[in-house]
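Engineer: One structure is given below, represented as structure tokens, and several questions about it will come after.
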Amino acid sequence: MEWVKGTLEVKTHGKGMLKINAQLSSLIDELNVHEGMCFLFLPHVSASLVISEGFDPSARRDVEDFYERLVPEGKLGYKHTLEGLDDSPAHIKATLTQPALTIPIDNGQLNLGIWQGVYLFEHRSHPQNRTIIVRCLKVN
């Protein structure tokens, strides 16, 4: 077995879920991983990584809308607003989701369910540059 590593740079457009399956697949191909495990880590406190329905865009919008209702901006008396009204809500949403994912790789592809999509979930209102650290345990 061997560890291989890379990163994905993702530019967001503000709040929302960005599907990253294609970028991940390209990186796995570039790293020449045929069998193994893919570990993803997002070193940011106001965004997260999620696996969700990846086919119907209305499912993605429902998830995004749910988190907006659950943790609304400017309505719950947040103390931490240093960077704007979205500051605390973004941090809270990130604690409710996750900064890391682990996905098996089989036959050179992420072994996801037929409807699963891998997303960077941006919780800030303004565009951000995000880095995803990718580590793959490659079976030789």
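Coordinate-derived values only; no laboratory data. This is a predicted model, so every value here is computed, not measured. Using ideal geometry, Cβ is built from the backbone for each residue, glycine included, and neighbour counts are taken over all protein chains shown.
Engineer: I'd like the GluC sites (Glu not before Pro) in the range 63-109 restricted to DSSP loop residues with at most 16 other Cβ atoms within 10 Å, sorted by number. Walk me through the numbers on the way to the answer.
Structural biologist: Working: sites: E64, E68, E73, E83; in loops: E73, E83.
Passing both the DSSP loop test and the Cβ count: E83.
Engineer: I've got another one for you. Go through the range 103-117 residue by residue and turn each phi into a ³J(HN,Hα) via Karplus (6.51, -1.76, 1.60, θ = phi - 60°); whole Hz please, and just put x for glycine and proline.
Structural biologist: For the range 103-117, the Karplus curve yields 9, x, 10, 10, 6, x, 10, 4, 8, 9, x, 4, 9, 7, x Hz.
Engineer: 7 Å from Cα along Cα→Cβ at both L112 and E9: what's the point-to-point distance in nm?
Structural biologist: Calculated label separation equals 2.3 nm.
Engineer: Okay, moving on. Just to be sure I understand, if you calculate percent of Cα pairs over 23 Å apart for this structure, which of [x] 44; [y] 33; [z] 37 do you get?
Structural biologist: Entry [z].
Engineer: I've got another one for you. With a cap of 16 neighbouring Cβ atoms within 10 Å, and only residues DSSP puts in a loop, list the chymotrypsin sites (Phe, Trp or Tyr not before Pro) found in the range 109-140.
Structural biologist: Passing sites in the range 109-140 are W115.
Engineer: Still on this structure, I have one more. Taking R0 as 30 Å, what FRET efficiency do you get between A100 and H34 from their Cβ-Cβ distance, rounded to the nearest 0.05?
Structural biologist: The value I calculate is 0.85.
Engineer: How would you rank K138, K75, K93, going from fewest to most other Cβ atoms within 10 Å of each one's own Cβ?
Structural biologist: By the 10 Å Cβ count, ascending: K75, K138, K93.
Engineer: Relative contact order for the chain: what percent, with Cα pairs under 8 Å and sequence separation of 6 or more?
Structural biologist: 54 percent
Engineer: Measure out, as a whole number of angstrom, how far apart the alpha-carbon centroids of the range 19-65 and the range 80-140 sit.
Structural biologist: Going from one Cα centre to the other spans 7 Å.
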